[in-house]
Amino acid sequence: MNQKQTYTLDEAKKKLEIYCVYQERCHKEVRQKLKQMHMIPEAIDAVIVHLLEHNFLNEERFAKAFVRGKFNIKKWGRRRLTLELKQKDISKYNINIGLKEIEESTYIDTFNTLAEKKASSIKETNVFKKKKKLADYLLYRGWETHLVYDKVNELIK
């Protein structure tokens with residue numbers, strides 16, 4: 001049977017509470033989830049207000065968790081983190097609070113370790129091609145250009 005499942009407001013609230021408890025969510029993800037559930041705009045707003053009031057939804061907390069996770073696991077730099085958070089419609093204010101989760105010394109240590117590990121794994125004899133491969137790899141992960149080019153020139157001669 002291809003019948004759309006419908007939800008009462010209370011059922012939707014319960015379902016989204018579970019959705020938000022499972023992992024931190026941003027407003028955009030919650031709104032998309034409610035649209036997939038075929039909720040009307042008034043109901044979507046009501047559920048979001050409920051989630052905010054009961055602290056299931058908190059964009060500052062989301063930004064912090066997102067930054068910590070992507071930095072520690074995927075080794076993303078600040079530019080990539082900022083871009084990804086902007087795509088999730090997180091405010092500039094919350095993005096900045098999120099980025100404060102990374103200590104400067106840890107940030108630089110992670111960058112250096114990542115760059116050195118990647119540089120040693122590139123099997124390219126042409127110096128220019130090797131530099132380009134390393135730079136592209138680091139830039140794709142969102143590390144700042146000045147850091148990337150200084151490090152590339154330091155590691156590959």
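The values are calculated or read from the model by the stated rules, or taken from the named source; none is laboratory data. Note that this is a predicted model, so its numbers are computed, not measured. Cβ placement follows ideal geometry from the backbone for every residue including glycine, while neighbour counts extend to all protein chains displayed.
Summary table
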| item | result |
| --- | --- |
| Exclusive hit being surrounded by fewer than 18 Cβ atoms within 10 Å (Cβ to Cβ) and of a type in the set (Val, Ile, Thr), set Val49, Val67 | Val49 |
| Test result for Leu34, part of a helix (DSSP H, G or I) and surrounded by 12 or more Cβ atoms within 10 Å (Cβ to Cβ) | yes |
| Residue that is exposed (fewer than 11 other Cβ atoms within 10 Å of the Cβ), in a helix (DSSP H, G or I) and either in contact with a Pro (Cβ under 8 Å, 6 or more places away or on another chain) or at pLDDT 95 or above (or both), where the choices are Ile73, Ile95 | Ile73 |
| Filter result (surrounded by fewer than 18 Cβ atoms within 10 Å (Cβ to Cβ), in a helix (DSSP H, G or I) and over 21 Å from the mean Cα position of the chain (by Cα)) within the stretch 114-145 | Glu116, Lys117, Lys118, Ser120, Ser121, Val127, Phe128, Lys129, Lys130, Lys132 |
| Unmet requirement for Ile18, which otherwise passes all of (1) exposed (fewer than 12 other Cβ atoms within 10 Å of the Cβ); (2) within 27 Å of Lys157 (Cα to Cα); (3) among the hydrophobic types (A, V, I, L, M, F, W, C) | (2) |
| Neighbours by Cβ (under 7 Å, 6+ apart or cross-chain): first from the stretch 51-80, under 9 Å from Gly98 (Cβ atoms); second of a type in the set (A, V, I, L, M, F, W, C) and assigned to a helix (DSSP H, G or I) | Glu60/Ile97; Ala63/Leu85; Ala63/Ile95; Ala63/Ile97; Lys64/Ile97; Phe66/Leu85; Val67/Leu81; Val67/Leu99 |
| Matching residues, the stretch 21-37, being farther than 22 Å from Lys64 by Cα and either of a type in the set (A, V, I, L, M, F, W, C) or in contact with a His (Cβ under 7 Å, 6 or more places away or on another chain) (or both) | Leu34, Met37 |
